[in-house]
1. Put a label point 7 Å from Cα along the Cβ direction on D:Arg181, then list its distances to the equivalent points in the other copies in nm, shortest first.
2. What does the copy distance list look like for B:Gln9, label position 7 Å along Cα→Cβ, in nm and ordered from shortest?
3. Greater than 19 Å separation of Cα atoms is the criterion. Which listed pairs, A:Lys14/B:Lys50; A:Lys14/A:Lys63; D:Lys63/D:Lys121; D:Lys82/D:Lys131; C:Lys21/D:Lys22; C:Lys14/C:Lys40, meet it?
4. Return the whole-Å distance between the Cα centroid of region A:50-83 and the Cα centroid of region C:101-156.
5. HN-Hα J couplings of region B:156-167 from phi, Karplus 6.51/-1.76/1.60, θ = phi - 60°, integer Hz, Gly and Pro as x?
6. Since chains B and C are linked by a rotation, which residue in B has the beta carbon closest to its axis, and how far is it in Å?
7. Tally Lys/Arg at +1 and Asp/Glu at -1 over every other residue whose Cβ is under 12 Å from the Cβ of D:Pro104; what's the total?
8. List the distances, in nm and shortest first, from the label point of D:Val48 to the matching label points in every other copy, placing each point 7 Å from Cα along the Cα-to-Cβ direction.
4 protein chains.
Amino acid sequence: MSKAERTKQFIVEKTAPIFNKKGYAGTSLNDMIEATGLTKGSIYGNFVNKDDVALAAFDFNLKKVDAVIRQEMATVNTYREKLLVYTKVYENFYEFPFPEGGCPVLNTAIEADDTHPELKKKAADAIIYWKEKVVRMIQKGIANNEFAANTDPEQVALTIIATIEGAVMITKLTGKLNYRRAIMKSIDRLIHDL
Amino acid sequence: MSKAERTKQFIVEKTAPIFNKKGYAGTSLNDMIEATGLTKGSIYGNFVNKDDVALAAFDFNLKKVDAVIRQEMATVNTYREKLLVYTKVYENFYEFPFPEGGCPVLNTAIEADDTHPELKKKAADAIIYWKEKVVRMIQKGIANNEFAANTDPEQVALTIIATIEGAVMITKLTGKLNYRRAIMKSIDRLIHDL
Amino acid sequence: MSKAERTKQFIVEKTAPIFNKKGYAGTSLNDMIEATGLTKGSIYGNFVNKDDVALAAFDFNLKKVDAVIRQEMATVNTYREKLLVYTKVYENFYEFPFPEGGCPVLNTAIEADDTHPELKKKAADAIIYWKEKVVRMIQKGIANNEFAANTDPEQVALTIIATIEGAVMITKLTGKLNYRRAIMKSIDRLIHDL
Amino acid sequence: MSKAERTKQFIVEKTAPIFNKKGYAGTSLNDMIEATGLTKGSIYGNFVNKDDVALAAFDFNLKKVDAVIRQEMATVNTYREKLLVYTKVYENFYEFPFPEGGCPVLNTAIEADDTHPELKKKAADAIIYWKEKVVRMIQKGIANNEFAANTDPEQVALTIIATIEGAVMITKLTGKLNYRRAIMKSIDRLIHDL
DNA sequence: AATGAATGAGCATTCATTCAT
DNA sequence: GATGAATGAATGCTCATTCAT
């Protein structure tokens, strides 16, 4: 990895939590120089503009989520258990190397949808990728006789994702962990009933 | 209503959709004077600062949602039908006088949670108020023998709310109306199975 | 004149000499706040951007030249004498309220031709307006039997203007006042021979 | 020519047209690295700073003009014909290897006179050198009985130069080639009448 | 009570230049 | 000798807020 690549990586690592917490518009260049200890020139030497950093930060945060999920899924065998990984992880953010500030897809979706088409696109792609992944797992589970044959994989996948994201929002907002536990239990029930 | 009160009301009405779309940080005083046709002095004469307007705009947007829900609920009789009003309304924003920019609780929750304690508080209160309202309806439905006696009202209420908000986010992000329909169908099923 | 109009006028008056000396690109916002004693916000409250000030400053400088020329022309009677006003004025900048930094048309023409289409347009219009004015005076002089009937008014007008501007450039560059005197004498001869 | 000398020459060749079009202040280091394909380090290894390149670029552009003039003058015999070379060349830039962006003396004179003493000095020297050259040709033409004995060589030289530069400015500004033709005809007449 | 001109800190970005490698 | 990452002052511009009128 060249010096430039290391610096880019460093900038992304240090700024990704800020973008995830304060949002794109709420994160200033000054926040970025403070977080990295670098100068403005150094940031602009490695990225073409703030957008460029924000986009890379989103990717970084997303990859972090993905890595946690993948790692946890690798430890279980059935598709039902794999689906249950989602609620397990999202119910216990802090026990995993999850991005500070919560779910980057949710955070980005809400800020970017009316204001930042590029970020919106990235968030939309992430949701669709996530949904497709869940759909495939359900399909395999059906083929495997784990799940009922009449299950609608897309409907189930979207419902799981929507409910998780809603739970994340509610918990972050109210600070009530038992709210999250209750909602996650509903999802677990849904998965058990497949 | 005094002249001052009418002006305040006018400012709130005109700016509320902007705050809901662009967010608190993304809405500038200039956006506000453009939307109202008033002068800066006039806005500052009626509100102490931008925060003050934003808070009032949130209340206004929330009341708009509440009015739609109440009105629809008044047209049905059973508690099951009343619960089904939520999916009906949230699946067809545009057919109701719903706030432009989507669900104000969701929008505000995500932006404000790490940055604006006062707005966060309002959004949290709204969620809790909403949850309590659903809880009470379920309790009454149980008392009424509409719903099974072993239903956990809070868990169901939170799950419904979380899933609706997740559906709103996903639909706005991806633009796929069939995604929303699929998720809302899951919620309707959940309500039917109570 | 409203307060805003007075401030605009004040900004133009104070910055016009700077634009004429340093050019559009060479004049910074800081130069402008220093020259006016105002703040950035005040300048941007009265002009939409730096361009807007530069365009107004050009007009101001041009009007200053025009006023001097008109005033001097009013004191003489024949068209020959009127034409001789140009050399008299351009040979003695400092005795007239002429814009600091020299001829604004020349200064603007050279900077703007490859870089700033709006300013270029203004300078081009000024040159064409100037030429038309001289053409009309020559035509009237011919009609009046002051000048030879076979004079080509446009050729003469353009030659006078080109030579004056060349003289201004050479004098400013070399600092040699006798160079200017020599060139102006050639123009005067040309006018006498019409 | 050493490697270093070749690189210097290469940088000057590639940047000279940019300085002539955009001016000293308007040409950035980035313009220079783009034009040359070299790195910043490479430019700073061969020149002490931007000034240093600008000065060399001016010399390069000037030499280019001079070469064209010399070459054309070599093809004719009388001093009158030699003087007429100026109008011929300046009337048909594009048929000669003339610097892109027009006359470098004029361009530099206007930008540098109030802002850049070193460049101003170079432009002033160029004008004086040019004038001296024309003066010498006229003196020889007088000695030769080509021109009238009472001709004032310096006045004529300065007038020719001023008028040419004015014509260049007017044409570039207005885009009217017939304006240039008319002015050049006046100069040709002046030369014929010597 | 309402105006709108003025404020000045803050914004993202570009600049010419340096210097460790 | 050449590289290119880093610098930090300077750029044009927007912001929420104030206050004399």
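All of the numbers you see were taken from the coordinates with simple rules; none came from a lab. Quick caveat, the model's predicted, so the values are computed rather than measured. All Cβ positions, even for glycine, are placed from backbone atoms using ideal geometry, and neighbour counts span all protein chains on display.
1. Result, one decimal in nm: 3.9, 7.2, 9.4.
2. 4.5, 6.1, 8.4
3. The pairs that break the limit, which is 19 Å between Cα atoms, are A:Lys14/B:Lys50.
4. A separation of 70 Å, based on Cα centres.
5. My calculation for region B:156-167 gives 5, 4, 4, 5, 4, 4, 4, 5, 4, 5, x, 5 Hz in order.
6. B:Gly41, 3
7. Values: positive: D:Lys21, D:Lys63, D:Lys64, D:Lys122; negative: D:Asp59, D:Asp66, D:Glu100, D:Glu111, D:Glu165.
With Lys, Arg at +1 and Asp, Glu at -1, the net is -1.
8. Between copies, matching label points for D:Val48 lie 3.8, 4.5, 6.2 nm apart.
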